[in-house]
Amino acid sequence: MSLFRFQDVSIIINQQAILEETTMQFRENEIVGISGPSGTGKTTFLKIFNRLWEPSSGRVYYQDQLLENYDHTCLRREVILLFQEPLLFGPRVRDDLLYPFTLPRFQEKPPPDKTLIQALEIMELAPSFIDKNSSELSGGEKQRIALARSLLLQPRVLLLDEPTSALDQELTSSLLDRIKAIHNPSLMIFISHDPELLNQADVHYHLENRRLQKRRLLS
């Protein structure tokens, strides 16, 4: 089943095209990796999926419904984008993990400490981190906590912008398995320059010269 469908989509920023008349599908139960040189618009491309950015032309469909007609609240509850340098919102890690559950658009009951600690442990963070001051965290710790926070919301679609930029190679190698251990989204799309992570994707696209071109995965 196709979750997202792009039909003749173009993206133009400051009169410069970063994507031209692209038609493609993103299917359910698929992990998609996207690579490409810096400055080619990869992050902007991800923003299209939850309408943080609008295409300059063409149409985007989500679950066969025109994306522009989809309710914003529902869309951003189901389609979560995590940026390379995520924001933390609470004085302590527990507060940050629970922050989304305080927002009106999330009606779910906040998870108990047991669930929070389990998510931290899957991300190779000790149970004691739940009470750690957020201002004392390293870049890699912030990335893992923000990722755990997003996964606790159980999104249908997870979009990740350079999710391993502050992680060591061991964590990078096992990241997708760790994500699935907390929550397995129906569709995951990530931007990365790491060949090992890209090779774990089901599909690899390279964005360059205004085109998303399919790349062969390494055997």
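The values are calculated or read from the model by the stated rules, or taken from the named source; none is laboratory data. Not measured: the values here are computed from a predicted model. Because the Cβ atoms are built from the backbone with ideal geometry, glycine has one as well, and the counts that use them run over all protein chains shown.
Within the range 180-219, if we keep just the residues that are more than 14 Å from the chain's Cα centre (by Cα) and of a type in the set (Gly, Ala, Ser), the residue that is farthest from residue 24 (Cα to Cα) turns out to be 181. For the range 159-199, a residue qualifies if it is crowded, with 17+ Cβ neighbours inside 10 Å, farther than 30 Å from residue 111 by Cα and of a type in the set (S, T, N, Q), and exactly one does: 192. Within the range 48-74, the set of residues being within 19 Å of residue 25 (Cβ to Cβ) and buried (at least 16 other Cβ atoms within 10 Å of the Cβ) comprises 48, 49, 50, 51, 55, 58, 60, 61, 62, 67, 70. Of the residues 66, 46, 19, the single one that is aliphatic (A, V, I, L, M) and free of Cβ contacts under 8 Å to residues at least 60 places away in the same chain is 66.
Would it be correct to say that residue 143 is part of a loop (DSSP other than H, G, I, E, B) and more than 28 Å from residue 12 (Cα to Cα)? No: the conditions fail for residue 143. Checked against the criterion of being at pLDDT 95 or above and out of contact with any strand residue (DSSP E or B) (no Cβ under 7 Å at 6 or more places or on another chain), the range 184-193 contains one or more residues that satisfy it.
The set of residues in the range 1-60 being in contact with a Lys or Arg (Cβ under 9 Å, 6 or more places away or on another chain), within 20 Å of residue 77 (Cα to Cα) and not in a loop (DSSP other than H, G, I, E, B) consists of 2, 3, 4, 5, 26, 50, 60.
Considering only the range 141-150, I want to know if a residue exists there that is among the hydrophobic types (A, V, I, L, M, F, W, C), more than 15 Å from the chain's Cα centre (by Cα) and surrounded by 18 or more Cβ atoms within 10 Å (Cβ to Cβ).
So far as the range 141-150 goes, no, none of its residues is among the hydrophobic types (A, V, I, L, M, F, W, C), more than 15 Å from the chain's Cα centre (by Cα) and surrounded by 18 or more Cβ atoms within 10 Å (Cβ to Cβ).
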